[in-house]
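A short worksheet on the structure shown next.
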Amino acid sequence: MLRWLLLFIAIAAAAWWWATPSANVSFASSAAASATPTLSVVACVPPARLAGDDGAVQSDAPGGMAPFTLADATAKPLAGFSVAARVLSREDYGSDRKADFSPVDLALGWGPMRDDAVLSRLDISQSGRFYRYRWRGEPPIPPDDIVRSSANMHLVPANSAVADALDAVDAGDRVRIDGWLVQIDANDGWRWRSSLTREDSGAGACELIYVCGVTRH
C-alpha cells in the first residue's frame, strides 16, 4: 500500500513540474502580445460637402475623431474641408520630405479667381510649395480678394483611387475636392500643419488636405 502511495505522489509531482513551465510560457506570450501597439486603419469619410459648384467651406471635425494612419506618421483631422474651384496651376513633388505624404500641390481659385477676365491679367506659378501671382499695372481685382478666393493646396491622397484621380487633374480643370484639413505628426517628431483660414497668405497659409474624394468637371 505504501509503495502505491509513494508512486502516486511521484507521478503527481512530475505532472505538476511538467505543466508549470507551459503555463509560464503561455503567460509570457500573452503579455508580449498586449504590449504590441495595434494600428487601426480609419476610413476616409468625407465631411459636409459644399452646396453648389463654386467656393470653399470649412466645418468642425467631430470630437474624438481618430487620426488617419500614414507611413511612419499620423494625420490628425483639424477641420472638414470641401472646395469646388478652377485649377490655376499644378506642381508635382518627389524629392522633399513632404512628398512622402503629399506628392502634388494644386493652386485653386474660386469666385472671381475662376474668371478668365481676371486670370488673363495674372501671371501664376508654383515652386517650393508656394503659389505665386503677379500683375502689370493695376491688379485685376483687389489683392485681398485674390487671397480670399484662391489658395495653394497640399494634397494627401487617402488611397490609390484618389491618387489616380489627382494624377488626371491639370491646370484649367474644374474640380471638387472633399477631405480633412490635417496636422501630420511623424514618428520622429517632424510636424506639418494646415492653415485653417482663407484670409492668410505667405508661409503657413496653405491648406494641407487629406483627400477623401476628387471629381473633375
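Laboratory data are not the source of any read-out in this text; all were calculated from the coordinates shown. As the structure is a prediction and not an experimental result, all values here were calculated from the model. Neighbour counts run over all protein chains shown; Cβ positions are idealised from the backbone, glycine included.
Enter the Cα centre distance for the pair the stretch 85-114 and the stretch 151-217, rounded to the nearest angstrom. Taking the Cα centre of the stretch 151-217 as reference, the centre of the stretch 85-114 is 8 Å away. The 3J(HN,Hα) values that the Karplus relation (6.51, -1.76, 1.60; θ = phi - 60°) gives for the stretch 206-211 are, in residue order, 7, 8, 10, 10, 7, 8 Hz. Gly and Pro appear as x. Available extension along the chain between Asn159 and Asp100 is 19.9 nm, counting 0.36 nm per residue and deducting the alpha carbon span. Computed over the stretch 55-216, relative contact order equals 27 percent, with contacts defined as Cα pairs under 8 Å that lie 6+ residues apart.
Short to long, the 5 Å bins of the Cα pair-distance histogram for the stretch 120-201 hold 3, 10, 17, 20, 22, 14, 8, 4, 1, 0 percent of all pairs. In sequence order, the stretch 139-152 has phi-based couplings of x, x, 9, x, x, 4, 6, 4, 4, 6, 10, 7, 6, 8 Hz under the Karplus curve 6.51 cos²θ - 1.76 cosθ + 1.60, θ = phi - 60°, and Gly or Pro positions carry x.
For the pair Arg90 and Arg121, a Förster radius of 30 Å applied to the C-beta separation gives a FRET efficiency near 0.90, rounded to the nearest 0.05.
When the Cα atoms of the stretch 55-216 are enclosed in a convex hull and the volume is divided per residue, what value in Å³ results?
Working: hull volume 17.0 nm³, N = 162.
Dividing the Cα hull volume of the stretch 55-216 by its residue count gives 105 Å³.
Okay, which of the stretch 141-162 sit inside 20 Å, backbone N to the point 7 Å along the Cα-Cβ direction of Ala66? Residues 157-160 fall inside that zone.
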